[in-house]
Each structure stands twice: as C-alpha cells, then as structure tokens.
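A quick write-up on the structure given underneath.
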Amino acid sequence: MNENVQNSFLVPPVGHPATRSNRDSAGQAARPASIENSLLAAIPRKEYRRLLAGLEPVMLTFGEILYEPGDTIRHVYFPNKSVVSLLTLADGHLALEVGLIGRDGMVGIPLVLGHTVSSVRALVQGTGTAMRMAATQFQKEFRLSAPLQRELYRYIHTLMAQISQTAACNRFHVVEMRLARWLLMTHDRVKSDHFRMTHEFLAHMLGVRRVGVTKAAQALQKRKLISYSRGDIAILDRRGLEAAACACYQVVKDMHDGARTEAAVPARALAVAT
C-alpha cells in the first residue's frame, strides 16, 4: 500500500487525539497550484489575489487531526484534493461523522461565526492538497472582503443542511442507503472512482457496528454498484449508486448546486460589466 497516493483513505486514529504540537503544525508545505477550491474560485480575481498573500499551499495527510473539540482554531483550510471529516465525540472517544468538507468549502467555519474554539474533531479523511491561512489573518480578510463573506455564508448554509440531513439520515435510514450516500458524497469531493478505506473506518463514519458495514458493502457489491477488496473500494455504477442511496444525498446536493448557481449569476454579471 502506497501511503503517498493522492486521495487515499485509511483508518484514522479516531480513538486517540493528536498532541497539540502536532495539530498546530498540521499540513506540510506543498507547491502552489491553480484554484481548485470552488469557494476560492468563486471570489473575484482581484479579491483572490489579495487573499493569496496570506494563503499557504499545504499537503494534508490521512489520519491528521486539524482540531479537537475545545482546541483554539489557529488555521483555516480550503481543501483542494483533500477531504476532511467533522466528527462529534461521545464519551471522549466514540466518533460519528456529521459533516464532510472537500474542495467545495472551508475547514474552520466557527471563525466566520465569531468563535475561535472548535466544537468538533476535524480529521483528514483523504490525502491531498489544501490552502491554509492563519486564523488572525483570515479574520482580518473576512472583515475586509464582502465577496469572501458572501461565499462563506452561502457555504455555511449548505453545510448546515448537510449536518442536519446527516443527523436525520443516521436516525431513520438503513445502513445500505447510508453507505451509498456517503460514497457519493466522497466521490463528489475527490473526483475519483477509487477509494481506500476499511470497514472499521466506515463503521466510525456511519455510527454503526462493523458487521453492519460489511453486510451493506456486500449488498452493494452484489448489485455490481461497487467493488470491494481488502479496503479498496471502486464505484462501478454511479447512477445505480444514486438509486441505491436515500433521498438525503440528493437533498443536500440540490441545495449545494443551487447555492453555486445563485453565486454564479452576479459573478457573470460582474464579468460582463468589466
């Protein structure tokens, strides 16, 4: 197994928090690239060029913990090819995923709402690049940039919808549907048909026993929607997987797509005017 492969998925240390020194230095320097994060890409180029002075390209690696509950948020992250799970904890060690952030958003949303402390564990689920900014610099830029405020408020709206829909999904829908939804959400964010993840990891993400995930994965594989072998999952039939998922996936996707369309209208108008 190659640990340097982009978008690889492995079992993270969900039960043991990282040390503060590790979290403060999360993310290794990486080479700059084009604007892959759609939230940043939606900001007018003039505004983005100003933001760029405070943005640092980093590589986030699987299992890396960016924040724990109660940590002061020292950096925000705009994922490019990385994926970050937001986990809520019970009894200090049991973890359940409530949100998934990829190239569509930003990790560190409490700062937008005036809070400097994380209430969740932010865990890197998929290896890849991101743009990082110091919290103090971000707060300054956020106050100065109306376009950044607009895009982040739109994103918060869709993230809140994702979190609330995930809570309902975890309560009312069977594991097979929930697994299909989770795979689709991950696929949307990494733009890859192949993932690396184990049943143990999926059990933590979905809040079920490992045997439940095993049965659900076997059912999806029997229907030739995915293939699964020793932690390697490949999506074989995207449309079929959408049909197998609960309606929660489409509800959140429609809201996200609607927000992006709404944001594109003033952006096109600005481009015509200039």
Highest mean first, how do 122-135, 101-114 rank when packing is the count of other Cβ atoms within 10 Å averaged over residues? 122-135, 101-114
Check PHE62: other-chain or 5+ apart residues with amide H under 5 Å from its amide H, H built from backbone geometry? THR127
Excluding ligands, DNA and RNA, what is the solvent-accessible area per residue of the stretch 121-175 at a probe of 1.4 Å, expressed in Å²? 42 Å²
Fraction of accessible area attributable to carbon and sulfur, the stretch 32-72 (%, probe 1.4 Å): 58 percent
Find out how many positive minus negative residues lie around VAL83, taking Lys and Arg as positive, Asp and Glu as negative, among other residues whose Cβ is under 9 Å from that of VAL83. +3
By the Cα gyration tensor axes a ≥ b ≥ c (a/c under 1.5 gives rounded; else a/b larger than b/c gives prolate, otherwise oblate), the shape of the stretch 137-178 is prolate
In the stretch 103-230, what percent of the accessible surface is made up of carbon and sulfur (1.4 Å probe, ligands and nucleic acids excluded)? 55 percent
Once the in-chain neighbours fewer than 8 apart are removed, the aspartates and glutamates whose Cα is under 12 Å from LYS253 read ASP104, ASP188, GLU242
Anchor LYS224: lysines whose Cα lies under 18 Å away (excluding residues fewer than 8 positions away in-chain): LYS215
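The values are calculated or read from the model by the stated rules, or taken from the named source; none is laboratory data. This structure is a prediction, so every number in the text was calculated from the model and none was measured. We place every Cβ from the backbone using ideal geometry, glycine too, and count neighbours over all the protein chains shown. Quick note on the areas: whole protein, heavy atoms, side chains included, nothing else; ligands and nucleic acids left out. Shrake-Rupley method; radii C 1.70, N 1.55, O 1.52, S 1.80 Å.
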